[in-house]
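Everything below concerns the one structure shown next.
The values are calculated or read from the model by the stated rules, or taken from the named source; none is laboratory data. Computed from a prediction, not measured in an experiment: that's the story for all the values here. FYI the Cβ positions are ideal-geometry reconstructions off the backbone, even for glycines, and counts take in every protein chain you see.
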Amino acid sequence: MNQLKRRSTYQYGTLTQETRRRGPDVWAYRHFELVEGSKRRRKTIVGTLEQYPTRGATEHACEHVRLAANAENLNPQSPTMRGLIDRYIEQVLRPCVNVQIGEVQDPSARISFHCAKSYKSVLDKWVRPRWESHRVREFDHPAMRAAIEEWLHSVWRSPKHPGGGLAPKTVRSIYNVMKLTFKFGVKWGYLAENPMAEKRVELPRGSTKRSKQPVQLTAAGFFALLARLGLREKLAVAFAGWLGPRISEAFGLQWQDLDLDQVVVSFRRGFVQGRVNPLKTEASRTNLPLPK
């Protein structure tokens, strides 16, 4: 009973300055964590005094750490979008982004390195500046959902404003990343339902269409290209042209993936921005016959 009582208490933690022998002083956030029924003191370095010169700025920056420290306790006050975004980045995206060039991504990662990097960029560049000061539960109200729709329409490069604004693909990315972030807000207990699910917020009409039609390589152009390449390059382009894999799948191939006795090729991994990652779907991890 004592353990249950302790776990039901919301802890705000303590924020203190610490001096380091090397480098600038830092802000440290301390809280208690229950491990196998016993309390343990935990410390998280929020940042340096150069990054956050005031306590108020540091309080804002460590909100996501406080939310994670109270993962099983109800927050007496709804967290801000800043806290939700920071927690989503630290717990979901950061492990997927922390992959060095040449490393193989953990197969159990939620999303690929490239997607995680893209999601973080969208949140930091577009979502955070506009919505970070709002409380998460404010988005339960229809007026806030309508405000999101108006905002998406205002940043879109529409036919009426062809010279300014964002491309349709970027607007769709903002919409999808916000929807996914709210999904984790529901999982963590900050919202009862996703405010952007079930068409509660809709994309601007016409933003789902391509702004430019993709350039297609004709059969004549394909053969003309092959004729201008050296032996090694010709083999690689011919392979990609006949089988039609994704770019990441083609770059992820290794010699042992080619079985010349069985005349098949096995797709097992992808290669994006110098990182090796598992393929997205079961259908991608397949064998294809090699053309003669």
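Only one entry in C115, C62 is surrounded by 17 or more Cβ atoms within 10 Å (Cβ to Cβ), closer than 30 Å to R268 by Cα and not polar (S, T, N, Q), namely C115.
Looking only at residues of the stretch 159-182 that are surrounded by fewer than 21 Cβ atoms within 10 Å (Cβ to Cβ) and aliphatic (A, V, I, L, M), we find that the one that is modelled with the highest pLDDT is L180.
Cβ-Cβ contacts under 9 Å between residues 6 or more apart (or on different chains), taken from a first residue in the stretch 149-170 that is of a type in the set (S, T, N, Q) to a second residue that is assigned to a loop (DSSP other than H, G, I, E, B) and modelled with pLDDT under 90, are listed as S154/G165; S158/G165; S158/P204; S158/G206; S158/S207; T170/R157.
For the stretch 40-60, indicate whether the set of residues that are at pLDDT below 85 and more than 25 Å from I85 (Cβ to Cβ) is non-empty. Yes, some residue in the stretch 40-60 is at pLDDT below 85 and more than 25 Å from I85 (Cβ to Cβ). Only residues that are surrounded by 10 or more Cβ atoms within 10 Å (Cβ to Cβ) and within 20 Å of K169 (Cα to Cα) were counted across the stretch 183-199, and they come to 2.
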